[in-house]
Amino acid sequence: DSKTELALRRIAARLIDIIIAFLFLAVASIIGEIAYNQINGINLLDFSRMNDGVIIALLITLPIVNIVFDYLIALFGFKGQTLGKRILNVKMVKKDNQEVDFLALCRRNILDYVMFVPNILSAIPLVGIVFVCFAPFCAMLMFVILYLVDTLLLFVANESATSRDRIGGTRVVGV
């Protein structure tokens with residue numbers, strides 16, 4: 001595999017993973033909103049305003065989606081591959097070419113959790129008021145910056161290693 005081809009497959013794999021995760025989160029948000037409306041006696045399908053149901057569903061679902069996609073599937077299901085990586089025939093390995101383990105995945109994914117700090121802070125009473133308006137924007141901005149930098153690193157770094165690879169002691173190879 002050429003460096004550019006592998007980089008493009010990695011980017012496409014990540015986009016597939018993001019789309020799949022987004023679909024799960026969208027479904028969870030709708031279910032959360034319907035449940036919240038039902039519990040609070042609001043018209044069951046009133047989506048004219050965002051209620052706490054969406055926020056609660058996302059706070060519960062985000063970690064679950066992350067655990068399922070980034071840990072369970074990658075570790076036990078596909079041996080170092082997320083669904084996107086599996087589709088595009090690339091996989092994560094440790095720098096010494098051993099199978100990726102739980103600790104390496106935790107280190108590799110730490111930046112994903114950093115992006116959600118503003119969202120977590122928005123759930124804290126009193127302090128959260130400051131973050132409630134800006135949390136989604138901050139998380140999205142951090143997400144875009146992180147992935148733009150990582151995408152650039154794929155093309156300019158000698159080892160085609162993203163910040164996630166460097167932190168996790170991993171690399172992505174073609175299969």
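The values are calculated or read from the model by the stated rules, or taken from the named source; none is laboratory data. No experiment lies behind these values; they were computed from the predicted model shown. A quick note on method: Cβ atoms are made from the backbone with ideal geometry, for glycine too, and the neighbour counts reach across all protein chains shown. These area figures cover heavy atoms from the full protein model, side chains too; ligands, DNA and RNA do not enter into them. Shrake-Rupley method; radii C 1.70, N 1.55, O 1.52, S 1.80 Å.
Descriptive notes on the structure:
- Failed item in (1) modelled with pLDDT of 75 or more; (2) out of contact with any helix residue (DSSP H, G or I) (no Cβ under 8 Å at 6 or more places or on another chain); (3) more than 30 Å from Ser160 (Cβ to Cβ), with Ala28 passing the rest: (2)
- Restricting Leu6, Leu15, Leu44 to those that are on the phi < 0 side of the Ramachandran plot, in a helix (DSSP H, G or I) and either open to solvent by 60 Å² or more (accessible area, probe 1.4 Å) or at pLDDT below 85 (or both) reduces the list to Leu15.
- Residue within segment 122-145 that is exposed (fewer than 13 other Cβ atoms within 10 Å of the Cβ) and at pLDDT 75 or above present: yes
- Residues in segment 79-95 that are in contact with a Gly (Cβ under 9 Å, 6 or more places away or on another chain), assigned to a loop (DSSP other than H, G, I, E, B) and farther than 15 Å from Arg14 by Cβ: Lys95 alone.
- Qualifying positions in segment 149-175 - within 21 Å of Ser2 (Cα to Cα) and either aromatic (Phe, Trp, Tyr) or open to solvent by 60 Å² or more (accessible area, probe 1.4 Å) (or both): Val149, Leu152, Phe155, Val156, Asn158, Glu159, Arg166, Arg171, Val175
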